[in-house]
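**Student:** My questions will all concern the structure given below.
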Amino acid sequence: MRGEVLIEPLTDEPDAVYASGRRVFGGTSESPMDEAPTLTVIETRPFKDGLLVRFEEIGDRTAAELWNGRLLFVPEDELTPLGEGEVYQHELKGMTVELSSGEVVGTVADVFEVPQGLLLDVARERGTVLVPFSGEIVVDVDRARRVVRIDPPAGLLE
Amino acid sequence: MGRSVKKGPFIQESLMKRVRSMNDRNEKRVMKTWSRASTITPDFVGHTFAVHNGNKFIPVYVTENMVGHRLGEFAPTRLFRGHTGANKVDKKATPSATPAVPAPGGKGGGKPA
């Protein structure tokens, strides 16, 4: 009734992103951020698996309904900096996967979420291969070169 | 209803044999298996299994906190590709050695804990 919107957070830091006074942008990941409509957070409270957020620009239920199914974004430079060895999930897509020896395996075509972590779907010349994104197999991730170096056990790439 | 304690955990005999022979030879090689119902024992830790999910083989690197669970719990039959259109989710990924285990009570593909 008061125009609160239920948000399913897709971020690791929902408390920081939806903190009072923060601005978020509505739109798609392709649309330029400066053209996207801005929303300012007034207050946030947890609700079921998500958050109920009241925005300055959304005053009633009718205005809230217009935002149904939309995605909200924050500028990348406003996010907390990544720690050592960390990478954003969306950055993994398109990265080159190579062995410790430097031999190229393929390119990350998709990233799947499984109970034990992430799985990289690596596209090769012939088909794809799944590689667990775990510390025992992934040696390091070079964000600058967009390369994931792996040390797979025998038989993983067959 | 839980499995009788008297029977012990179910582990496919041929799979157990392969694990034991690899442990004897101190070898690490991906083992293909269709036995999703096999319980993970401490012998499995450190090995990678390619567990069939009905469509393809899902690589599962076994860690200590997976012991007691079944292999099938780590090879969901439906792979979640992420949210449609949200290809810039700011979730961080780190190749750490601390994988989660499926939520208890979940049969086949629990949510990450």
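The values are calculated or read from the model by the stated rules, or taken from the named source; none is laboratory data. Just so you know, these numbers come straight off a predicted model, no measurement behind them. Reconstructed Cβ throughout: ideal geometry from the backbone, glycine too, with neighbour counts over all protein chains shown. With ligands, DNA and RNA removed, areas are computed over all heavy atoms of the protein, side chains included. Shrake-Rupley method; radii C 1.70, N 1.55, O 1.52, S 1.80 Å.
**Student:** For chain A, with every protein chain kept in place, what is the accessible area per residue (1.4 Å probe, Å²)?
**Tutor:** Working: 8630 Å² over 158 residues.
Accessible area per residue, chain A: 55 Å².
**Student:** For the range A:44-67 and the range B:1-72, what is the separation of their C-alpha centers, rounded to whole Å?
**Tutor:** 46
**Student:** Sticking with this structure for a sec: Estimate for me the total accessible surface buried between chains B and A (protein heavy atoms, probe 1.4 Å, no ligands or nucleic acids), in Å² to the nearest 100.
**Tutor:** Working: alone 8630 and 10480 Å², together 15410 Å².
Chain pair B/A: roughly 3700 Å² of buried accessible area.
**Student:** Between B:Ser4 and B:Asp24, take the C-beta separation as r, use R0 = 30 Å, and let me know the FRET efficiency to the nearest 0.05.
**Tutor:** Values: r = 30 Å, r/R0 = 1.01.
For R0 = 30 Å, the calculated efficiency reads 0.50.
**Student:** For A:Glu35 and A:Glu86, calculate 0.36 nm times their separation in residues minus their Cα-Cα distance, and state this gained length in nm to one decimal. Can you show the working numbers first?
**Tutor:** Working: separation 51, 0.36 × 51 = 18.36 nm, distance 2.99 nm.
Length gained between A:Glu35 and A:Glu86: 15.4 nm.
**Student:** By its C-alpha gyration tensor, with a ≥ b ≥ c as the square roots of the eigenvalues, how is the range A:89-150 shaped: rounded for a/c under 1.5, else prolate for a/b larger than b/c, else oblate? Don't skip to the answer; put the middle values down first.
**Tutor:** Numbers: a/c = 1.37, a/b = 1.16, b/c = 1.18.
Rounded.
**Student:** Here's a follow-up. Take B:Phe57, A:Phe133, A:Phe47 and sort them by solvent-accessible surface of the protein heavy atoms, 1.4 Å probe, largest at the top.
**Tutor:** Solvent-accessible surface, decreasing: A:Phe47, B:Phe57, A:Phe133.
**Student:** Which whole-Hz ³J(HN,Hα) couplings does the range A:67-78 yield from phi under the Karplus relation 6.51 cos²θ - 1.76 cosθ + 1.60, θ = phi - 60°, glycine and proline marked x?
**Tutor:** Listing the rounded values in order: 9, 4, x, 7, 9, 10, 10, 10, x, 4, 6, 8 Hz.
**Student:** Follow-up. Once the Cβ-Cβ distance between A:Leu79 and A:Arg146 is put in as r, and R0 is 25 Å, what FRET efficiency do you end up with, to the nearest 0.05? Working shown, then result.
**Tutor:** Working: r = 19 Å, r/R0 = 0.75.
So the FRET efficiency works out to roughly 0.85.
**Student:** Got a number for carbon plus sulfur as a percent of the range A:89-150's accessible area, 1.4 Å probe? Can you show the working numbers first?
**Tutor:** On the way: 1170 of 2660 Å².
Result for the range A:89-150: 44 percent of the exposed heavy-atom area is carbon or sulfur.
**Student:** Check B:Phe80: other-chain or 5+ apart residues with amide H under 5 Å from its amide H, H built from backbone geometry?
**Tutor:** A:Glu113
**Student:** Note down the magnitude of the dipole of the range A:89-150 about its Cα centre, charges +1 on Lys and Arg C-beta and -1 on Asp and Glu C-beta and zero elsewhere, to the nearest 20 debye. Don't skip to the answer; put the middle values down first.
**Tutor:** Working: 7 positive and 10 negative charges, 32 e Å.
With Lys and Arg at +1 and Asp and Glu at -1, about 160 debye.
**Student:** Assigning unit charges at the beta carbon (Lys, Arg +1; Asp, Glu -1) and nothing else, what dipole magnitude in debye, to the nearest 20, does chain A show about its Cα centre? Display every interim value, and only then the final one.
**Tutor:** Details: 15 positive and 31 negative charges, 67 e Å.
The dipole of chain A has a size of about 320 debye.
**Student:** Stretched out fully, how many nm does the piece from A:Arg126 to A:Thr11 gain, at 0.36 nm a residue minus the Cα gap? Walk me through the intermediate numbers first.
**Tutor:** Details: separation 115, 0.36 × 115 = 41.40 nm, distance 3.44 nm.
Here the answer is 38.0 nm.
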